[in-house]
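Structure record follows, encoded as structure tokens.
The values are calculated or read from the model by the stated rules, or taken from the named source; none is laboratory data. All figures in this text were calculated on a predicted structure; none of them were measured in a lab. Neighbour counts are summed over all protein chains in view; Cβ atoms, including those assigned to glycine, are modelled from backbone coordinates with ideal geometry.
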Amino acid sequence: MEFRGNMSRRNFLTRAGCATVGAWASSLARPGTARAAGHGNPPNVLFISIEDLNDWVGCLDGYEGVVHTPNMDRLAARGVLFTNAHATATVCNPSRTSVMTGIRPSTSGIYLNEHHPYRVAMPDAITLPQHFKNNGYHTVGINKIFHGRDASPLSWDVYERMKEKVHVIESTRHRINRAVTWAQLDGPDEDVGDVYCAQTAARHLKQVHDKPLFLGVGFNRPHEPYFAPKRFFDLYPLDSIVLPTVSPDDLDDVPPMGKALAATYSKGFPELEDPEVQKHVVQAYLACISFTDACVGIVLDALEASPYAENTLAVLWSDHGMHLGEKSHWCKMTLWEESTRVPFIMAGPGVPQAGEACDRVVSLLDMYPTLVDCCGLPPVAALEGQSLRPLLNDRDAPWDHAAITTYGKNNHAVRTARWRYIRYSDGSEELYDHDKDPKEWTNLAKRTEFAKVKTEMAAKLPKVNAEPMPVPPKEPKKRGQ
């Protein structure tokens, strides 16, 4: 199914969804295309962040049905898709803080969303855009790159906030307590925040900059509430929705602490046990994915038509995944695969293997040192990730690094090519063999024959588990607010 519609103001996103792989790829090789930064100059960086997007992207094949993501797929087709990429945390603030500072949550003590002011926890940290700014880049941030929409001039020369005024079709609105809300939208596309972000990015790409450009674009969806224009819901008729395959006894072998962490956001919502309601939730999430993909298409089309088409390194990533019923869970905030696995794509200068997929285990913590490496910037000593440049050049290059995901102090998952090992702060464990059990239905941690595997995996756990950063007191509201 294609995104097609008339050329009205309201439906301009349908055109973005029709973009093809060949257009941008051919423009990169087209002789005579102008750009501000010529050959031999540092590449520009287009840094696209997406909120709460799991592996339900066409090129990742995470959804068991059909998902429409032509723009993310075309980016993957002209770059390297990391098919086994994992977040450093399954909560927004610690994940984004670690990506943007290169420091693990277990090192910084930023474990939860309430532990917000990372500048207090790490006053000397050099953020990713800050390092680029310090080395001659013009840095522009749009909407949610850091968790708190950090507009610090240390990081950004220009920072623009999202503007949104959604028009909900009230007859389609449904809310399940604090678990999930969804609705279809009407009204002009331009009133939706993610469209505003895409248009703002396009505007910056049309401008001529006298320095190399670092452009960060942060999309809110598919974060809940699941609001998207009606036509994106129409892509997914309810009778076509495929619910995730689950095991009724999946949680029987999960230790109590694992259940307790997940239960924080998954218990007390009996309505979510109804398969028909589940279909509505999945439909809404898919609609938001395709809506976000169309917004990504606006940015990619603007890049193609810009002076920077030939010399821009594009990166697309999500801060963490999302459960849509797997392990009876309807949120993020676990240490299981659905919460940790994320889309991660790189394309452009320094990425020679266009259209290749790399199945090596990588972490979002590796993004900062990789961009520094690919752009020829001085290294930052404090970074705890690894440059992925060897894998960009050769997906079969030696690579023995694991991905570590943290949710709260001393709760970690270690992911390797075959295994997921989880240890909670009370010492309880989970172990899953992804060669035989990709859905993580059978916890092997108590079986003696896997003791050696557990020992080897445990050796990869973080050696530092900082105390949680104190939650800052809420500022009193001023009179009249």
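What are the residues in the range 418-431 that are over 23 Å from the mean Cα position of the chain (by Cα), in a strand (DSSP E or B) and without any contact (Cβ under 8 Å) to a residue 40 or more places away in the chain, if any?
423, 431 - these are the residues of the range 418-431 that are over 23 Å from the mean Cα position of the chain (by Cα), in a strand (DSSP E or B) and without any contact (Cβ under 8 Å) to a residue 40 or more places away in the chain.
Out of all the residues in the range 357-387, which are charged (D, E, K, R) and within 20 Å of the chain's Cα centre (by Cα)?
Result: 359, 360, 366, 384.
Is it true that residue 368 is touching a Phe, Trp or Tyr at 6+ places or on another chain (Cβ under 9 Å), of a type in the set (Phe, Trp, Tyr) and modelled with pLDDT of 95 or more? Spelling it out, it is not the case that residue 368 is touching a Phe, Trp or Tyr at 6+ places or on another chain (Cβ under 9 Å), of a type in the set (Phe, Trp, Tyr) and modelled with pLDDT of 95 or more.
Here is a list of conditions, (1) surrounded by fewer than 17 Cβ atoms within 10 Å (Cβ to Cβ); (2) among the polar types (S, T, N, Q); (3) assigned to a helix (DSSP H, G or I), and residue 370 meets all of them except one; can you say which number that is? Against the list (1) surrounded by fewer than 17 Cβ atoms within 10 Å (Cβ to Cβ); (2) among the polar types (S, T, N, Q); (3) assigned to a helix (DSSP H, G or I), residue 370 comes up short only on (1). Is there a residue in the range 463-480 that is modelled with pLDDT under 95, outside any loop (DSSP other than H, G, I, E, B) and within 27 Å of the chain's Cα centre (by Cα)? The answer is no, given that none of the residues of the range 463-480 is modelled with pLDDT under 95, outside any loop (DSSP other than H, G, I, E, B) and within 27 Å of the chain's Cα centre (by Cα). Residues of the range 181-202 that are in contact with a helix residue (DSSP H, G or I) (Cβ under 8 Å, 6 or more places away or on another chain), under 18 Å from residue 225 (Cα atoms) and surrounded by fewer than 20 Cβ atoms within 10 Å (Cβ to Cβ): 186, 187. Scoring residue 310 on the criteria (1) farther than 26 Å from residue 182 by Cβ; (2) surrounded by fewer than 20 Cβ atoms within 10 Å (Cβ to Cβ); (3) among the charged types (D, E, K, R) leaves a single failure, condition (2).
Residue count for the range 245-278 satisfying the condition of being surrounded by fewer than 18 Cβ atoms within 10 Å (Cβ to Cβ) and closer than 30 Å to residue 70 by Cβ: 5. The selection criterion, being without any contact (Cβ under 8 Å) to a residue 24 or more places away in the chain and not in a loop (DSSP other than H, G, I, E, B), does not hold for residue 293. Among the residues of the range 202-219, those that are of a type in the set (D, E, K, R) and more than 16 Å from residue 304 (Cβ to Cβ) comprise 210, 211.
Once the range 56-77 is narrowed to residues that are surrounded by fewer than 21 Cβ atoms within 10 Å (Cβ to Cβ) and among the charged types (D, E, K, R), the residue that is modelled with the highest pLDDT is 73.
Among the residues examined, residue 383 does not qualify as more than 18 Å from residue 87 (Cβ to Cβ) and in contact (Cβ under 8 Å) with a residue 12 or more places away in the chain. There is at least one residue in the range 219-232 that is of a type outside the set (Gly, Ala, Ser), modelled with pLDDT of 95 or more, over 23 Å from the mean Cα position of the chain (by Cα) and over 23 Å from residue 148 (Cα atoms). Within the option set 304, 310, 337, 276, being in contact with a helix residue (DSSP H, G or I) (Cβ under 9 Å, 6 or more places away or on another chain) and free of Cβ contacts under 8 Å to residues at least 40 places away in the same chain holds for one residue only, 276. More than 30 Å from residue 163 (Cα to Cα) and more than 26 Å from the chain's Cα centre (by Cα) - does that describe any residue in the range 297-308? No, the conditions are met nowhere in the range 297-308. Within the set 122, 100, the sole residue that is buried (at least 23 other Cβ atoms within 10 Å of the Cβ) and either under 16 Å from the mean Cα position of the chain (by Cα) or over 28 Å from residue 360 (Cβ atoms) (or both) turns out to be 100. Output the residues belonging to the range 184-240 that are assigned to a loop (DSSP other than H, G, I, E, B) and farther than 24 Å from residue 321 by Cα. 187, 188, 207, 208, 209, 210, 211, 212, listed by residue number. None of 449, 440, 467 is in contact with a helix residue (DSSP H, G or I) (Cβ under 7 Å, 6 or more places away or on another chain) and of a type in the set (Asp, Glu) except 440.
Per-residue answers, yes or no, for (1) among the hydroxyl-bearing types (Ser, Thr, Tyr); (2) crowded, with 24+ Cβ neighbours inside 10 Å:
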{"position": "304", "(1), (2)": "no, no"}
{"position": "318", "(1), (2)": "yes, yes"}
{"position": "331", "(1), (2)": "no, no"}
{"position": "351", "(1), (2)": "no, no"}
{"position": "366", "(1), (2)": "no, yes"}
{"position": "395", "(1), (2)": "no, no"}
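Out of 65, 58, 136, one residue alone is closer than 24 Å to residue 351 by Cβ, outside any helix (DSSP H, G or I) and more than 16 Å from the chain's Cα centre (by Cα). It is 136.
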